[in-house]
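The values are calculated or read from the model by the stated rules, or taken from the named source; none is laboratory data. The model shown is predicted, which means the values in this text are computed figures rather than measured ones. Note that each Cβ is placed from the backbone with ideal geometry, even for glycine, and that neighbours are counted across all protein chains shown. Just so you know, the surface numbers come from the protein's heavy atoms only, side chains and all, with ligands and any DNA or RNA stripped out. Shrake-Rupley method; radii C 1.70, N 1.55, O 1.52, S 1.80 Å.
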Amino acid sequence: MNRIVIAGNGPAGHRLAELLRTRAPRAAVTVLGAEAEPAYNRVLLPSVISGKLSPEQTYLAGHEGGAVTVRRGAAVTGIDRERRTVRTADGLLHPYDELVLATGARCFLPPLPGLTGADGEPADGVVALRTLADCRRLEDLLPRAGSIVVLGGGVLGLEVARALGDRGHAVDVVHMGPHVMERQLDAPAGRTLAAVLERLGIRIHTGRAAASRTGGRLLLDDGSALPADLVVVSAGVQPNTELARAAGLRVGRGIVVDDHMRTSDPRIHALGDCAEHAGLVPGLIAPAWEQAETLAEALTGGDRPYTATRTVTRLKARDVDLAVIGDGNHALPGAEVVTLADPARGQYARLALRDERIVGAILLGFPASVAAVSQLYDAGAPTPVDRLALLAGRAVAARTDAPGDLPAEAVVCRCNNVTKRALVAGWRAGARTPEALARTTRASTGCGSCAGAVDGICRWLSAAREAADASAVPAGEAFAPAAPPRQEQQPLPELLTR
Ligand SMILES: Cc1cc2nc3c(=O)[nH]c(=O)nc-3n(C[C@H](O)[C@H](O)[C@H](O)COP(=O)(O)OP(=O)(O)OC[C@H]3O[C@@H](n4cnc5c(N)ncnc54)[C@H](O)[C@@H]3O)c2cc1C
């Protein structure tokens, strides 16, 4: 029997085990996870902080009915490549035929006085947010936290700031870069976003770095200070590569893998936030899950290579509508750029086009156009001649509640790459509620921002079925209309996820 050991029980390791459970039922799959918790969806942690979800609601479904063994609280401490065993912290040895490193990443903690203790861990009153245990620690500190500083104005820092603001806390964000989210946004978009957040009560300080924390105050590099009963650090992540490095595997920023997620040792594979593919460590859930698909196939005799995932970054913050599609910020040589800005109303849009096709977009305050722009990007289809109409959400037919007009290949859940076609197939196979569709197709189980769209498709199918029953038209004909020409198609709102 093929023994497959997976080190790491995060979303990537969990998804791989789940795929192997069904595709390689004769393999003995062992997942060794450092955390004591069952596998959970880390993406949902901001919703735990805002109080929208309980920790248990982030748990990923267990591996029922297969030969998967999960050992929790079992950190892998070493790999013996010659004997093909891994050792866990309790001293046990686990033999493998194939080893998968899914050890993810951890928060980067700037080593500043008052921020970290002698052991390099967060000091009292400081939280770096990566795990459910971190959320619990934050929860314990919140009642005593009159003033909160979030260190880092990237996507996660801003989401956490908004979640804490939602709970009535005064929040300052300190960000070293010239503007917030500079990895994804150009300067005008960053400034407009900061103004939107300021209007929502979050104070943004850009171009400032923390110097130290003392007596409940955070000192900044310009000599100023902010009250900081609590500091939440969101200053980037570091892939967990130590095991691989100690075992002599090739490591760059992450554990270097080829198109089949193989490391420099063909018996050892890596995926998710710890893996570096084509020089990139995406640090996002959709690539991690797509890599799990690739690796499950490779481990069961398939040969589908992984190519970079097309990413869409969405800020999960109440009353802020921001989507970054593809290379939002990057200077794209030779690209035609279309911008539309109304900073006073918190709106900024930027489309980068090459050969009439979208290669990147920033959409802040343009919710009506996000789905259409992302569909054009996904399909690599030419944009309508009237780009401003596209940005204004008018380049599509007037019906706004018509999932039926969505192309079958439109990706509804980006985290799990679930198309409308797959949802319709799931519904026809008997999954008649959004929850059942989530179970059978996995749509909406990633960051959850497509839940409204899945619900809309479910309602549309149910209504079509009822109408078909009422008029005695064969159901298949009633709810499978031919797709109209692309430019007349009305996309669903909320189609995108980060
Ligand atoms: C608060 C937050 C919000 C996020 N929001 C989004 C979002 O909206 N969209 C998005 O795409 N991405 C988001 N991300 C990123 C996303 O969560 C990651 O891309 C995803 O979790 C990667 O999964 P992974 O399994 O590769 O790594 P991880 O989730 O890091 O899991 C790795 C697991 O391996 C374990 N491990 C580490 N070392 C060992 C060892 N030696 N032995 C055994 N186990 C070990 C760790 O304890 C952990 O449980 C967010 C991340 C955070 C922290």
#### Entry: the stretch 307-394, Cα convex hull volume normalised per residue, Å³
99 Å³
### Message
Please list, ordered by chain and number, the residues whose modelled amide H lies under 5 Å from the amide H of LEU109; skip anything fewer than 5 residues away on the same chain.
### Response
none
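What's the long-distance tail for the stretch 126-235, i.e. % of Cα pairs beyond 19 Å?
Working: 2357 of 5995 pairs.
Summing the P(r) of the stretch 126-235 above 19 Å gives 39 percent of all pairs.
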#### Entry: Value of relative contact order over the chain, rounded to a whole percent, pairs C-alpha under 8 Å and six or more apart
12 percent
### Message
For the pair ALA123/ARG253, report the inter-label distance in nm, with labels modelled 7 Å from Cα in the Cβ direction.
### Response
3.0 nm
#### Entry: For ARG253, solvent-accessible area (1.4 Å; no DNA, RNA or ligand), Å²
140 Å²
### Summary
Note on the chain: alpha-carbon gyration tensor, axes a ≥ b ≥ c; rule is a/c under 1.5 for rounded, else prolate if a/b larger than b/c, else oblate; result oblate
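Semi-axes, largest first, in whole Å: what does sqrt of 5 times each Cα gyration tensor eigenvalue give for the stretch 319-467? Intermediate values should be presented prior to the final figure.
Details: eigenvalues 181, 47, 43 Å².
Working from the Cα gyration tensor, I get semi-axes of 30, 15, 15 Å.
Given a 1.4 angstrom probe, what's the average accessible area per residue across the stretch 321-395, in square angstrom? All intermediate terms of the calculation are to be shown ahead of the outcome.
Details: 3040 Å² over 75 residues.
Ligands and nucleic acids excluded, the figure is 40 Å² per residue.
Please label the shape of the stretch 340-390 as rounded, prolate or oblate, based on the square roots a ≥ b ≥ c of the eigenvalues of the alpha-carbon gyration tensor (a/c under 1.5 means rounded; beyond that, a/b larger than b/c means prolate, else oblate).
Numbers: a/c = 2.15, a/b = 1.88, b/c = 1.14.
Here the stretch 340-390 falls in the prolate category.
Quick one: if the Förster radius is 35 Å, what FRET efficiency do ARG357 and ARG87 give, using the C-beta to C-beta distance and rounding to 0.05? Mind showing how you got there, number by number?
Working: r = 51 Å, r/R0 = 1.45.
Step by step, r from the Cβ atoms, then E = 0.10.
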### Query
Between SER471 and ASP229, how many nm apart are label points set 7 Å from Cα along the C-beta direction?
6.2 nm
### Message
Please list, by residue number, everything in the stretch 339-377 whose backbone N is under 12 Å from a paramagnetic label point 7 Å out along Cα→Cβ of ARG199.
### Response
342-348, 365-366
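Subtract the Cα-Cα distance of ARG167 and LEU53 from 0.36 nm times their separation in residues, and report this length gain in nm to one decimal.
Details: separation 114, 0.36 × 114 = 41.04 nm, distance 1.34 nm.
In short, 39.7 nm is gained.
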### Task
Step through the residues of the stretch 462-470 one at a time and calculate ³J(HN,Hα) from phi using the Karplus curve (6.51 cos²θ - 1.76 cosθ + 1.60, θ = phi - 60°), rounding each to whole Hz and writing x for Gly and Pro.
5, 5, 5, 5, 4, 4, 5, 4, 5
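How much length would be gained if the chain were fully extended between LEU340 and ALA389, taking 0.36 nm per residue of separation minus their Cα-Cα distance, in nm to one decimal?
On the way: separation 49, 0.36 × 49 = 17.64 nm, distance 1.10 nm.
Residue separation times 0.36 nm, minus the Cα-Cα distance, leaves 16.5 nm.
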### Message
Quick check on the stretch 158-310: of the DSSP beta bridges with both residues there, what percent are antiparallel, nearest 5%?
### Response
55 percent
### Query
Which percent, nearest 5, of DSSP beta bridges in the stretch 126-235 are antiparallel?
30 percent
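Would you mind giving the three semi-axes, in whole Å and largest first, of the ellipsoid equivalent to the stretch 142-301 according to its Cα gyration tensor? Mind dumping the intermediate values first?
Values: eigenvalues 284, 59, 43 Å².
Its equivalent ellipsoid spans semi-axes of 38, 17, 15 Å.
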## Note on the structure
Once both label points are put 7 Å beyond Cα along the C-beta direction, the ARG459-ASP97 separation in nm becomes 5.0 nm
